[in-house]
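In what follows, a single structure is set out as structure tokens and then discussed.
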Amino acid sequence: MNQPSHDAGLFDHCPWLFAGQASGDQRAAQEQRQGRLVAGPGEVRLGEGCFVAETAAVHPDVLHLGDRSYIAAHAYVTDAIRTGADCTVNPFTVVRGTVTLGDGVRIGAHSSLLGFNHGSAPDLPVHQQPVTSRGITVGDDVWIGSHVVVVDGVTIGDHCVIGAGAVVTKDLPAWSVAAGNPARRLRDRREPRGAKRPGPGAGVVAGTAAAPATLAGPTAGPGAFAGGLRADVSGPGAFDGGLRADLSSPGALAGERQADPAGPQALAGEPWADPAGPEALAEALRAFAGTARARATDLLDRSWLPDTGRYADRPGTEPTVRAHCDAVEIADLLLGDVPPHLAAPEHVERLRALQDPATGLVPQYGAPAPLPGPAGVPDGDPAYHVLCVGYALDLLGSSFAHPVHAVRTTTADRLVRHLGELPWSDRAWHAGAWVDSWATAAHWNLRAGGEAATPGALEALFGWLHTHADPWTGMWGSPTREAGRLQMVNGYYRLTRGSFAQFDLPVPYAERVIDTVLDHARDPRHFAPGRENACNVLDVIHPLWLCARQTTYRSEEARSWAASQLTAALGRWHPGGGFAFGPTADGSGPGREPGLQGTEMWLAIVWLLADVVGVADALGYRPRGIHRPEPAPVERPV
């Protein structure tokens with residue numbers, strides 16, 4: 001580093017010194033070097049303050065370097081390469097094929113980013129195989145250590161760190177620290193380095209004060225990378241965590257495997273150790289199910305109000321439409337029958353009579369007929385009644401008396417416009433719940449033998465969802481500083497329940513969803529002992545269960561988490577009262593008192609948890625209503 005500035009080889013190998021130490025002659029030589037590239041056969045655009053070493057072999061079809069980016073000595077760069085600002089291609093690095101880098105990407109020496117591939121069919125010699133290119137995409141603020149190989153088709157999310165010598169063969173979500181061959185995600189970069197992986201009662205989560213990221217202005221909605229979290233990358237040395245700009249040392253990330261004392265193997269059993277083996281869990285489930293069946297009539301009796309002929313969630317509360325539907329679901333699960341206070345035809349008659357024939361929507365008791373929303377479904381009770389009343393009638397062998405006209409008349413244009421206006425950035429649960437209600441109404445319309453909505457609307461829904469899912473999280477929406485991933489994950493459950501799951505369609509980016517959900521499940525604000533509630537546990541286990549239909553990715557971790565939650569859930573049963581929903585941060589909802597809503601939800605949650613563990617048969621019941629695992633029996637929309 002103390003060589004005289006007239007040594008041009010110094011800058012070829014240490015180009016970050018060029019701006020501060022180069023002589024006038026050396027600056028002129030660099031201008032000539034860049035001029036030859038721009039005048040060459042490829043499409044070359046070089047930003048302010050860039051440097052390209054004289055000894056680098058740069059032969060691009062397309063080369064776009066952002067401001068203050070450089071290509072160091074003996075690098076080999078070909079084909080179509082595009083970078084953001086403050087990117088580095090260090091000595092002896094190979095970047096070929098179609099490669100796109102975000103801002104602040106640092107690539108260590110002797111690494112290879114190979115955005116192309118050869119075929120390997122047995123009918124041709126290798127040298128005659130066709131070349132393919134899916135390309136490599138790297139997000140913002142990414143550190144790729146020395147001797148790393150990234151193969152074609154890989155996407156690396158924002159803020160990732162890739163350990164020296166890694167071979168990256170699969171996508172990595174934002175904030176990953178990864179190493180190994182093949183590369184494996186070791187931890188979230190926002191977790192304290194060297195700290196043991198926390199369990200459900202501890203840890204660092206997105207948006208907490210411990211996370212060094214800052215919001216770069218308003219979040220952009222469902223397409224924002226990593227939920228809109230971006231590091232402040234203002235040049236070399238400004239990296240989160242004090243990472244140096246020069247990553248040329250072959251040992252830059254050596255020892256990253258040892259940074260987490262628990263080791264990657266601990267993910268399957270450490271943050272959530274299985275408190276009991278499958279046989280012990282199965283035995284506990286059989287005992288629980290027997291007790292629940294024996295007390296089912298008692299817990300339904302305590303919510304029946306004979307003076308009004310209606311159901312309340314629990315004693316001392318007002319009757320609600322949802323309570324009647326919850327009673328139907330509980331009786332189906334535990335008794336295999338209808339609630340005993342009315343005959344089946346009378347249950348059907350009362351629920352069908354609630355529907356407004358003009359809109360097809362169901363108001364709360366005593367409320368006026370609901371008005372349709374901008375794209376069919378309004379906010380409030382009528383939105384959830386599309387689900388609960390529809391499924392209760394389905395369990396009773398019946399259906400709505402009328403189509404849900406408010407959705408049946410929705411056009412594709414109105415639907416897409418409204419989807420874009422939903423509050424994805426800060427109220428993703430609300431947005432996902434709206435999609436759930438609209439898609440479920442479309443489902444009931446199809447079940448009735450008519451059109452779901454106007455032609456093309458249902459296809460527009462799935463098209464919009466596919467094109468707006470965040471490839472780094474697999475979700476729609478963004479984390480928030482106040483609640484971390486809560487809104488995003490809970491909204492994902494509601495959205496996919498009514499759309500992808502109900503219509504038997506695969507979800508996009510299933511592995512990224514699993515990463516996001518398991519990270520969320522470590523958030524102590526929502527999963528510390530005594531803080532779990534039915535909504536939050538359901539909204540983790542259902543996505544894990546749903547994605548397990550498509551991939552075995554991180555399946556052992558999902559099973560460990562499910563086993564620990566299953567043991568805790570069984571301990572929440574109140575004899576004669578059922579389950580309480582659980583505590584909520586704002587004190588709203590049914591809370592800690594047992595009632596029909598908590599019982600209906602936890603019975604379904606217990607089944608989902610048990611199914612992920614592999615012991616659901618021990619329960620002797622299977623949800624057939626809102627939380628049914630089977631898709632709806634209608635023709636797929638797409």
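The values are calculated or read from the model by the stated rules, or taken from the named source; none is laboratory data. This structure is a prediction, so every number in the text was calculated from the model and none was measured. FYI the Cβ positions are ideal-geometry reconstructions off the backbone, even for glycines, and counts take in every protein chain you see.
Just one of Arg96, Arg45 is part of a strand (DSSP E or B), more than 23 Å from Val149 (Cα to Cα) and in contact with a strand residue (DSSP E or B) (Cβ under 8 Å, 6 or more places away or on another chain); which is it?
Arg45
Taking the stated definitions as given, is Arg494 basic (Lys, Arg) and modelled with pLDDT under 95?
Spelling it out, it is not the case that Arg494 is basic (Lys, Arg) and modelled with pLDDT under 95.
Looking at the range 306-354, which of its residues are within 37 Å of the chain's Cα centre (by Cα), acidic (Asp, Glu) and not in a loop (DSSP other than H, G, I, E, B)?
Those that are within 37 Å of the chain's Cα centre (by Cα), acidic (Asp, Glu) and not in a loop (DSSP other than H, G, I, E, B): Asp326, Glu329, Asp332.
Please work out which one of (1) part of a loop (DSSP other than H, G, I, E, B); (2) in contact with a strand residue (DSSP E or B) (Cβ under 7 Å, 6 or more places away or on another chain); (3) over 27 Å from Asp158 (Cβ atoms) is the condition Pro122 fails and give its number.
(2)
Tally time: how many residues in the range 68-90 are of a type in the set (Val, Ile, Thr) and within 13 Å of Gly104 (Cα to Cα)?
3
I need a count of the residues in the range 444-456 that are surrounded by 24 or more Cβ atoms within 10 Å (Cβ to Cβ) and at pLDDT below 95.
Final tally of qualifying residues: 2.
Anything in the range 607-632 that is of a type in the set (Gly, Ala, Ser), surrounded by 17 or more Cβ atoms within 10 Å (Cβ to Cβ) and more than 14 Å from Glu279 (Cα to Cα)? List them, or say none.
Gly625, Ala632
Residue-by-condition table, conditions (1) under 37 Å from the mean Cα position of the chain (by Cα); (2) outside the structural domain of His13 (by TED's automatic domain parsing); (3) assigned to a strand (DSSP E or B):
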site	(1), (2), (3)
Pro41	no, no, no
Thr55	no, no, no
Val58	no, no, yes
Asp86	yes, no, no
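When the range 371-386 is examined, which residues are found to be closer than 17 Å to His405 by Cβ and either surrounded by fewer than 21 Cβ atoms within 10 Å (Cβ to Cβ) or touching a residue at least 24 places away in the same chain (Cβ under 8 Å) (or both)?
Leu371, Pro372, Gly373, Pro374, Ala375, Gly376, Val377, Pro378, Ala383, His385, Val386, listed by residue number.
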